[in-house]
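Have a look at the structure below, then the notes.
Every read-out reported here was derived from the displayed coordinates using simple, explicitly stated rules and does not represent laboratory data. Fair warning: this is a prediction, and the values are worked out from it, not measured in the lab. Virtual Cβ from ideal backbone geometry, glycine too; neighbours counted across all protein chains shown.
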Amino acid sequence: MTRFEPNLRIPGPTSLPPSVREAGGRQMINHRGPEFAAMLGRIQDGMKPYFGTTSDIAIVSSAGTGGLEAAVVNVLSPGDRVLGVSIGAFGDRFAKIAEVYGASVDRMNAEWGWAADPAELQERLPAAEYRAVLLTHNETSTGVMNPIPALAAAIRATAPEALILVDSVSGLGAVPFEMDAWGCDVVVTGSQKAWMSAPGLAMIAASERGWAAMETARMPRFYFDLRKHRESARNGETPWTPAIAVVYQVDEGLRLMAAEGPAGIFARHEACAAATQAGLEALGFSLFADPAHRSRTVTAAHIPDGLDWKAFNGEVKRRGVVVAGGQGKLAGTVFRVGHLGSVILDEILGTIATLEEALVASGRPVEVGAAVAAAQRAAVAAERGATARA
Ligand SMILES: Cc1ncc(COP(=O)(O)O)c(C=O)c1O
């Protein structure tokens, strides 16, 4: 028998906690009334510590990609020189958006599986007077988390005027982020990732420099004009009819997150990432990402030679676990396990056990039980590490 609810181990959308699901089913309200205004205010205030900012945050009804588009079109003008730092499919997408809107984009591409190198960035920057640098915080296609503080410091040291735009769609809320302290100018995240809600909202924070840049930027924008969002938010509204059901959910998600506290959330993600990585390795999978920069929200593993991925994934799915395949040029060569949002260790241990069963069913040699034990040990070690640091 398969489970009634699948163990959704893709890197977003993530499973919804029961109270978040119920929140999404609530009756509609007037989005130009006091109840909505209070909710919008709570979300903006509740999000600020996760962005690490005291600046304004726009809550825009859109997929994460719309949030990236908003970041680009609000601060840039056609012809602006932009450096797109890409370490995977989403970095490529960010650069592409800037290109489509007429920016003159140079690329700094890392080999997939590796983080961007701050020293290389520092070398590349003097080549042109870049108006902006595009960074990906957590590259979901490769399972790599970029060292944003070091990258931002390299930019600030070499090109202090350049705006730093960060895609943290799949990172923010799961790991610490300090936008103000690190000097980032626009940071984007999405409701369906760490925020434990359905897809539909992009949250976009801008620094004072970022907000100022919007006054002179000349790329075309209407729906995504963040100045309109900021102005409306002052009256507790959004300029256009918002995805109210998702707003309810993010509000409830933030309530649950406040109850757990950021330190607890970050430690839980660290433990689940460590367990996933150790468990997969103990099953004989080799991980795709450079060990020094492995993501805490998604892990990519090579599909080993001789393993029929379709048949293997069929065995996994039949047991109620849903993992993600490879993206872009990694399709067919890696698979990915998501561990973000409401994820708990039991779900990761269940995933590892299921992958083990599917390997056995596929005729691969495994030492039964060893991977779950390895995952558990890694989680305990990560928890101890987090406690010691706290
Ligand atoms: C790092 C990153 N950027 C951007 C996106 C795009 O988000 P959406 O699919 O909501 O447009 C995703 C989605 O997976 C992502 O992981």
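Between Ala390 and Glu208, with labels modelled 7 Å along Cα→Cβ, what's the label distance in nm to one decimal, could you check?
Placing both labels 7 Å beyond Cα along the Cβ direction yields 3.5 nm.
So what is the calculated 222 nm ellipticity per residue for the chain, using -39500 (n - 2.57) for each DSSP H run with n of 4 or more, over all residues, to the nearest 500 deg cm²/dmol?
That comes out to -14000 deg cm²/dmol.
Taking the Cα centre of the chain as the origin and placing charges on Cβ (Lys, Arg +1; Asp, Glu -1), which of Leu151, Pro18, Val298 is farthest toward the positive end of the dipole?
Checking the options against the dipole of the chain, the answer is Pro18.
What longest region of the chain stays clear of trypsin sites (Lys or Arg not before Pro) that DSSP places outside H, G, I, E and B and that have at most 11 other Cβ atoms within 10 Å?
Result, exposed sites excluded: 4-233.
If you scale each eigenvalue of the Cα gyration tensor by 5 and take the root, what three semi-axes come out for the stretch 250-308, rounded to whole angstrom and sorted largest first?
Listed largest to smallest, the semi-axes of the stretch 250-308 are 30, 12, 9 Å.
Describe numerically, in nm with one decimal, the distance between label points set 7 Å from Cα along Cα→Cβ at Arg255 and at Glu120.
It works out to 4.6 nm between the two label points.
Using a Cα distance threshold of under 29 Å, what count of lysine pairs results for the chain when pairs must be 8 or more residues apart or interchain?
12
List the GluC sites (Glu not before Pro) within the stretch 118-159 that DSSP assigns to loop and that have no more than 12 neighbouring Cβ atoms inside 10 Å.
Hits after loop and neighbour filter: Glu129.
Rg/Rh for the stretch 19-258: what does it come to with C-alpha atoms and Rh from Kirkwood?
Ratio of gyration radius to Kirkwood radius for the stretch 19-258: 0.97.
Rounded to the nearest 0.05, what FRET efficiency do Asn235 and Arg81 give with R0 = 51 Å and r taken as the Cβ-Cβ distance? Could you check?
Between Asn235 and Arg81 the formula returns 0.85.
For Glu161 and Asn30, what does the FRET efficiency come to when R0 = 45 Å and r is the distance between their Cβ atoms, rounded to the nearest 0.05?
0.55
Evaluate Rg over Rh across the stretch 301-387, taking Cα atoms for both radii and Kirkwood's formula for Rh.
The Rg/Rh ratio comes out at 0.99.
Could you give me the percent of Cα pairs per 5 Å distance bin for the stretch 15-122, shortest bin first, beginning at zero and ending with the bin that holds the maximum distance?
2, 9, 13, 15, 17, 15, 11, 9, 6, 3, 0
What is the spread of the Cα atoms of the stretch 182-245 along each of their three principal axes, largest first, in whole Å?
Ordered largest first, the stretch 182-245 gives principal extents of 34, 30, 22 Å.
Please compute the modelled spin-label separation between Ala37 and Arg227, points set 7 Å along Cα→Cβ, answer in nm with one decimal.
2.4
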